[in-house]
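Everything below concerns the one structure shown next.
The values are calculated or read from the model by the stated rules, or taken from the named source; none is laboratory data. Worth saying up front: this structure is predicted, and the values here are computed from it rather than measured. Backbone-built Cβ (ideal geometry, glycine too); neighbour counts: all protein chains shown. Areas reflect the complete protein model, heavy atoms only, side chains present, ligands, DNA and RNA absent. Shrake-Rupley method; radii C 1.70, N 1.55, O 1.52, S 1.80 Å.
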Amino acid sequence: MTAAACTVFFLPGLGLDAAAVAPVARELDARFRVIAVELPGQGDTADAPDGSVESQVDAALAVIAEQADGGPWILCAHSMGGKVAAGIAARVRHGDVPVFGLLGVVLLAPSPPTPEPMPDAKRHQMLSWIEDGPIAEPDAQTFVDDNVGASLPAELQAAAVASVQAMSPVAWRRWLEQGSEEDIASSVGKLDLPCIVLAGDQDEALGAAVQPELLSDVYPRARFVSLAGAGHLLSYERPVTVARALTEFWDEIVAHSAIVPAEWGLVIASLRTTPRVRSALARRALPDDPRYRPRVLSAEQLDLLRAIADRLVPQPAGGRIDLAARVDADLAAGGGDGWRPVGGLTDDEAYRAGLDDLRTAWTDSADDQDALISAVIEGRGVPGGAIDADDLRRWFEDLRVDVTREWLIHPASLARVGYDGFATGAEDVDFAGYRELGADTRDGWEPSDLGAAPAPTAAQQQEDAA
């Protein structure tokens, strides 16, 4: 059996529960470990302390923290779960929860972080169903029938109806009166991670026609897919399509990510790593955008910078870090080492001028490329180039530092070079440093690829137990 490469945490929508992911899970191959996260009041889970979205986010994150194996994971969220997913992604980005490894979001007719567009008549009808307690079967049938583009097979219809009837009336009311109306957009902000949004063109309120307007500002990397003839209950209506979207989404993530080993992911998620460091590592671990558009450089300059980065910091095929795009993004954000010679060009100007100068002598031959790079490093400049050789050498020194730094600060690179010192600064653990310092030795909390961990002494066992 092939070991799972990715965990999919599924967040069901209003009225549904863990059973909603079963049709999709059956269509996924062994690379995926699928875990349904019952939100408060769904299935047999208890109601939350209150009706806020934050309470749902807390409950979901508790499950994710318990079930995460340190490896990469993605969120797949339907309807109401979409708003919760946005809250989860924001918390992971901030690093204030002990989880790590979120690489993307797949949304199925999601509720947005802003108040959900729901007709008043529909909201009142759904509230009327719980006036006397749990939802009766005829009302559950109406809910399902109103939310599909075409009739479901009998088995799936029965499963969906049973889930609606099982939902807590308290949770049902809270979502309609509070959660769906809540605006968490300011706390969520922009979520700059891979995202795909699937929605049916027969979905009345959260369909394909409205999703770009609702979510483009939240997920700048989102791709929107309209499903002809589909309604709102996509995991029941289009399980094959959803599974295919998840698979293609994961394949693209793998092609544009350096995956962090699971043991290292667990160390980053642990309390040994401070929230600030965890947040930085979570951002750096995100897949690069294959559709990245340069912000400081031209497209031609960016391509040349990629070629130079390949010569300076060779990476294995697949799972590469787009070092050039990260340098460009850093320049756009005002990054850099903070100094330059008096009268010298700004970092942006120096990069543009330097790359243009190098392009005049750049060829497709790797040997010629390496010879040109050596000439620039040694201060011999570019033959016929417009920039003084020494100025070009100084700028190229910055370039070498920049691309090397972008590679080294990625958590997968930290794992590759065996540096876990990022996990020694926490103040919330009894002892955050190293007990063992020496070649071929490691502490018990360190990843096993770093060396042999000595057996703890009796005194250490007592200290750890305390």
Sorted by accessible area with a 1.4 angstrom probe, largest first, how do K83, K122 fall? K122, K83
Under the 7 Å Cα-to-Cβ spin-label approximation, R244 and A136 lie apart by a distance in nanometres of 4.2 nm
Just to confirm the number: angle between the C-alpha axis of helix 347-359 and the first principal axis of the chain, 0 to 90 degrees, nearest 10? 70 degrees
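How much accessible area per residue does the stretch 366-450 have, in Å², with a 1.4 Å probe? Mind dumping the intermediate values first?
On the way: 4590 Å² over 85 residues.
Solvent-accessible surface per residue comes out at 54 Å².
Percent of Cα-Cα pairs more than 18 Å apart in the stretch 114-168, please.
Working: 548 of 1485 pairs.
Looking at the stretch 114-168, the distances longer than 18 Å represent 37 percent of pairs.
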Tell me, what is the 1.4 Å probe accessible area of L271, in Å² to the nearest 10? 110 Å²
Sequence-distant residues sharing a close amide H with F224 (under 5 Å, placed H): V197
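Per-residue ellipticity at 222 nm for the chain, helices alone: DSSP H runs ≥ 4 residues times -39500 (n - 2.57), over residue total, nearest 500 deg cm²/dmol?
Working: 20 runs with 207 residues, N = 466.
Result for the chain, helices only: -13000 deg cm²/dmol.
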Cβ-defined net charge surrounding L198, 12 Å radius [Lys, Arg +1; Asp, Glu -1]: -1
Relative contact order [Cα under 8 Å, 6+ residues apart], the stretch 1-44, whole percent: 54 percent
Surface per residue (accessible, 1.4 Å probe) for the stretch 288-358, Å²: 50 Å²
Å² of accessible area per residue within the stretch 1-132, as computed with a 1.4 Å probe and no ligands counted: 33 Å²
On the full set of protein chains, 1.4 Å probe, figure out the accessible area of W264 and give it in Å² to the nearest 10. 0 Å²
Please work out the C-alpha center-to-center distance from the stretch 246-288 to the stretch 128-168 and express it in whole Å. 38 Å
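Any chance you could run the full-extension gain for A30 through A262? It's 0.36 nm times the residue separation minus the Cα-Cα distance, nm to one decimal.
On the way: separation 232, 0.36 × 232 = 83.52 nm, distance 1.73 nm.
Fully extending the segment from A30 to A262 adds 81.8 nm.
Counting only other residues whose beta carbon sits under 11 Å from that of G95, what net charge do I get with K and R as +1, D and E as -1?
Numbers: positive: R91, R93, R276, R278, R283; negative: D96.
Local net charge: +4.
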The answer for H78, listing residues at least 5 apart or on another chain whose modeled amide H is closer than 5 Å to its amide H, is L11, G13, L108
Does the stretch 233-296 come out rounded, prolate or oblate, given a ≥ b ≥ c as the square roots of the eigenvalues of its C-alpha gyration tensor, rounded meaning a/c under 1.5 and, failing that, prolate meaning a/b above b/c? oblate
Obtain the nm distance between the two label points defined at R394 and E66 by a simple spin-label model: each point lies 7 Å from its Cα along the Cα-to-C-beta direction. 6.0 nm
Could you please state how large a percent of the accessible area of the chain is carbon and sulfur, counting protein chains only and using a 1.4 Å probe? 51 percent
Starting from the Cα of D120, step 7 Å toward the Cβ, then list every residue of the stretch 145-179 with an amide N under 18 Å from that point. 176-178
Rounded to 10°, Cα long-axis angle of helix 366-377 versus longest principal axis of the chain: 70 degrees
